[in-house]
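The values are calculated or read from the model by the stated rules, or taken from the named source; none is laboratory data. From a predicted model like this one, the values you see are computed outputs, not experimental measurements. Neighbour counts are summed over all protein chains in view; Cβ atoms, including those assigned to glycine, are modelled from backbone coordinates with ideal geometry.
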Amino acid sequence: MNFLGSKAYAYPHFISLGYNSCITCHYNPFGNGPINDYGRSVSGTAIASRDFYDENKPEELIASETAFFMKEALNKHIKPFIGYRGMFYKSNLGQEGSKVEFINMQFDANLVVKFGEKDQFIASGTFGYAPIPRALQNTPTGDAMKEYRTREHYIGYRPKPNWGIYFGLMDKTYGIRVAEHNSFSRISTQLTQDDQAHGAILHYSGPTFEGGLNAFVGNLATKADVRTKGFAGTFEQTVFEKNRIGASFLSQKDDYLKTMATAIHSRSQITYGTSVMVELGRVDKKPVNGTLTRKEYYALLQNHIKTHRGLYFLNSVEYFKSSLDKNYRVRFGPGLQYYPFSKLELRADVYNTRNFNQEANSRDRWDLLMQIHAWF
């Protein structure tokens with residue numbers, strides 16, 4: 001199980017620093033994937049710590065060192081990017097069945113090409129290591145999967161700065177893209193690290209409103225019967241400058257299952273460096289050849305607190321309930337996120353998962369996760 005993200009900088013909680021829209025720092029208008037030149041500068045001068053820099057070193061020099069391998073961009077049209085994530089994972093803390101392992105979650109190379117008088121044309125492609133999901137390991141489906149593949153490739157055209165259209169393999173537009181791929185908001189909606197789909201995305205970003213519509217036909221690299229086809233959309237409205245409230249929908253089906261999901265969500269800057277995100281959703285799942293609909297309900301609350309430049313405290317609380325089960329699950333966990341300098345993130349989280357059942361008692365589960373994330 002991958003508890004943390006496999007994409008570089010899928011961090012919507014940085015609304016705490018005044019960045020309401022993902023397209024400010026990303027090539028992909030909804031986040032994930034490589035960051036642009038401005039995003040690189042922000043990562044070094046607003047997000048990362050100065051603890052390991054000389055106090056007299058100018059911020060402009062730090063910003064210049066955020067470029068690819070600390071080199072000044074030789075060509076403004078070609079932007080390479082390399083990212084790695086690894087995770088130390090200790091499950092069932094204090095229990096007899098506790099296990100320890102190190103997981104290489106990501107090792108990607110990406111190339112972005114921009115062209116046109118105002119860089120209105122873009123092409124982006126990512127190729128790299130993608131571990132087989134734990135649930136599919138040692139199964140016929142898992143054995144048929146390749147560990148090196150592309151998770152994202154697309155072309156885009158922005159005729160105006162405030163809107164654009166994109167075609168290719170991308171994440172679906174729905175909800176808040178939190179980095180934790182084991183979040184109930186990602187699992188229930190089937191929007192985890194390997195659920196990208198080929199399709200088209202229309203994006204609009206105005207002074208106070210942002211939205212996207214997504215039509216998709218599934219991942220063409222997978223078998224035809226499990227390709228999810230459908231539509232999705234997400235919309236956010238800025239309220240009182242530092243708050244965004246929104247709604248999302250998702251309708252998709254393959255040869256076996258129909259899924260309909262809706263959510264309301266919000267992201268708010270409480271003070272500079274502190275944010276709170278909330279998402280409430282419902283997911284209806286109905287077998288294509290069946291009559292019984294499974295209704296799932298989830299909730300996510302996550303805060304992000306800047307203690308000083310480069311060091312952040314996180315806390316997540318999640319809820320999940322299925323209409324077919326009498327029990328419900330609650331998960332919470334504190335975490336620390338540290339950027340000692342540009343291009344390096346260290347993170348540690350402790351998760352507690354509880355199953356509440358009126359008919360039986362179950363023991364709490366505690367897990368420890370420690371992550372290293374480097375990019376160039």
Original post:
Is it true that some residue in segment 104-112 is surrounded by fewer than 17 Cβ atoms within 10 Å (Cβ to Cβ) and polar (S, T, N, Q)?
Top reply: yes
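Do you know which residues across segment 317-326 are part of a strand (DSSP E or B), out of contact with any Ser or Thr (no Cβ under 8 Å at 6 or more places or on another chain) and not aliphatic (A, V, I, L, M)? If you could, list the steps in order and put the result at the bottom.
Looking only at segment 317-326, we keep the residues that are part of a strand (DSSP E or B), and these are 317-322.
Retained after the next criterion (residues that are out of contact with any Ser or Thr (no Cβ under 8 Å at 6 or more places or on another chain)): 317, 319, 321-322.
Residues satisfying the conditions are TYR319, LYS321, SER322.
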Original post:
Condition test on LYS146, is it in contact (Cβ under 8 Å) with a residue 60 or more places away in the chain, among the charged types (D, E, K, R) and not in a strand (DSSP E or B)?
Top reply: no
Original post:
Of the residues GLY97, GLY168, which is in a loop (DSSP other than H, G, I, E, B) and more than 20 Å from ASP37 (Cα to Cα)?
Top reply: GLY97
Subject >> ILE132 being surrounded by fewer than 19 Cβ atoms within 10 Å (Cβ to Cβ), among the aliphatic types (A, V, I, L, M), out of contact with any Pro (no Cβ under 6 Å at 6 or more places or on another chain) and modelled with pLDDT of 95 or more >> reply: no
Original post:
Could you list, in sequence order, the residues of segment 332-356 that are in contact with an Asp or Glu (Cβ under 6 Å, 6 or more places away or on another chain), part of a strand (DSSP E or B) and either closer than 30 Å to SER41 by Cα or charged (D, E, K, R) (or both)?
Top reply: GLY335, ARG354
Original post:
How about segment 295-309: which of its residues are buried (at least 21 other Cβ atoms within 10 Å of the Cβ), more than 16 Å from the chain's Cα centre (by Cα) and not aromatic (Phe, Trp, Tyr)?
Top reply: GLU296
Original post:
Any residue at all in segment 248-265 that is buried (at least 18 other Cβ atoms within 10 Å of the Cβ), more than 20 Å from the chain's Cα centre (by Cα) and not in a strand (DSSP E or B)?
Top reply: yes
**OP:** Sort out which residues of segment 85-112 are touching a residue at least 24 places away in the same chain (Cβ under 8 Å) and in contact with a Gly (Cβ under 9 Å, 6 or more places away or on another chain), and write them in order of number.
**Re:** ARG85, SER91, ILE103, ASN104, MET105, GLN106, PHE107, ASP108, ALA109, ASN110, LEU111, VAL112
**OP:** Considering only segment 140-168, state which residues are modelled with pLDDT of 80 or more and among the polar types (S, T, N, Q).
**Re:** THR150, ASN162
**OP:** Report yes if ARG329 is under 20 Å from ASN352 (Cα atoms), outside any loop (DSSP other than H, G, I, E, B) and not hydroxyl-bearing (Ser, Thr, Tyr), otherwise no.
**Re:** yes
Original post:
Out of the residues in segment 312-344 that are surrounded by fewer than 15 Cβ atoms within 10 Å (Cβ to Cβ) and among the aromatic types (Phe, Trp, Tyr), which is nearest to ASN182 (Cα to Cα)?
Top reply: TYR328
